[in-house]
1. Gain in length, Glu44 to His162, computed as 0.36 nm per residue apart minus the alpha-carbon separation, to one decimal in nm?
2. Take the residue pairs Lys4/Lys107; Lys30/Lys107; Lys30/Lys174 and return only those whose Cα atoms are more than 31 Å apart.
3. Which entries in the list Lys115/Lys148; Lys38/Lys115; Lys115/Lys152 go over 26 Å, if you measure between the two C-alpha atoms of each?
4. Let me have the 222 nm mean residue ellipticity of the chain computed from DSSP H runs of 4+ only, each contributing -39500 (n - 2.57), with the sum over all residues rounded to the nearest 500.
5. Output the relative contact order of the chain, whole-number percent, from Cα pairs under 8 angstrom with separation of 6+ residues.
6. Starting from the Cα of Lys109, draw a straight line to each of the aspartates and glutamates and keep only those under 18 Å, dropping any in the same chain fewer than 8 residues away.
7. If we count other beta carbons within 10 Å of each Cβ, what is the order of Lys174, Lys30, fewest first?
8. Rounded, prolate or oblate, given the Cα gyration tensor of the chain, with a/c below 1.5 counting as rounded?
Amino acid sequence: MSFKQPELPYALGALQPFLHEEQMNYHYNKHQAAYFAKLNTLLEGKPEASAPLTDVIVAAAAGPVFNNAAQAWNHDFFWNCMSPAGGGAPRGDMLEAIDRDFGGYDKFKQAFSEKAANLFGSGWAWLAVDKLGKLEIMALSNADTPLKHDRKPILTLDVWEHAYYIDYRNLRPKFIEGFWTKVNWDFAAKNLDGSTK
């Protein structure tokens, strides 16, 4: 058994003008596809090859298996954090949780954007929830994920340069600004649903 890269939840060009088709093509068809291919090579013939991808991530020590498994999963999660019909502020329980833990949506958005912009090198900005239901922003390097920190991922933004360099060159803050025009709060709300409140 091998891990299969899931299909994008929208067409490659569906997030324009935030992300153009060329940017998405390289990111999805080259970068993410390579993580799946490498992971399958690393785990060929091993018991982990038939385990759920999240189990592989949580159990793996630092190194190639973790890096490729986490990057494969992180990217799939990231694609779902955006939508052609996305943008705007969250509603309902999602907004209530943000208001409670960050003092309002505008404060959350500023804090998340700053964490994403200031993360040195490559990595991910995450909105995650702990076992008690409290939201937190995590700026994690390289392939790191809240799954390794006993947190449930709610929303993420990929700030590796390959995520934005074709469209934005070195202007990471402009990429982050654009993310809010396509953010998928419906997906985030589903992730939050069922967490301890």
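Coordinate-derived values only; no laboratory data. These numbers were taken from a predicted model, which means no experiment stands behind them. A quick note on method: Cβ atoms are made from the backbone with ideal geometry, for glycine too, and the neighbour counts reach across all protein chains shown.
1. 39.8 nm
2. In this structure, Lys4/Lys107; Lys30/Lys107 lie more than 31 Å apart at Cα.
3. Beyond 26 Å: Lys38/Lys115.
4. Roughly -12000 deg cm²/dmol at 222 nm, from the helical runs in the chain.
5. The value is 25 percent.
6. Leaving aside aspartates and glutamates fewer than 8 places away in the same chain, those within reach of Lys109 are Asp93, Glu96, Asp99, Asp101, Glu136, Asp158, Glu177, Asp186.
7. The fewest-first ordering by Cβ neighbours comes to Lys30, Lys174.
8. It comes out oblate by the Cα gyration axes.
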